[in-house]
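First the structure, in the form of structure tokens, and then the observations on it.
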Amino acid sequence: MLGSGAVYIVDGSRVTHSNIAEASPERTLSMHDVRLHVLSQDDVFDLNRRCPVAARPD
């Protein structure tokens, strides 16, 4: 076991806008259309399909 909490996956493959190129310490990051996945223990993430897979019930 690596940890006892959740894993957060941020998928930016479909971002429609970002100001990251103009990044500076005084400017707040802006990103539109970002997907967030929260995986609990035994869930997995399929990197090829870019989708979470729920853990199978016991």
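The values are calculated or read from the model by the stated rules, or taken from the named source; none is laboratory data. Predicted model, so just to flag it, every value in this text is computed and none were measured.
Examine segment 30-52 for a residue that is over 24 Å from Ala6 (Cα atoms), part of a loop (DSSP other than H, G, I, E, B) and modelled with pLDDT of 90 or more, and state whether such a residue exists. Within segment 30-52, one or more residues are over 24 Å from Ala6 (Cα atoms), part of a loop (DSSP other than H, G, I, E, B) and modelled with pLDDT of 90 or more. Restricting attention to segment 1-29, the residues being outside any loop (DSSP other than H, G, I, E, B) and of a type in the set (Gly, Ala, Ser) number 2. Residues in segment 15-42 that are under 12 Å from the mean Cα position of the chain (by Cα) and charged (D, E, K, R): Asp33, Arg35.
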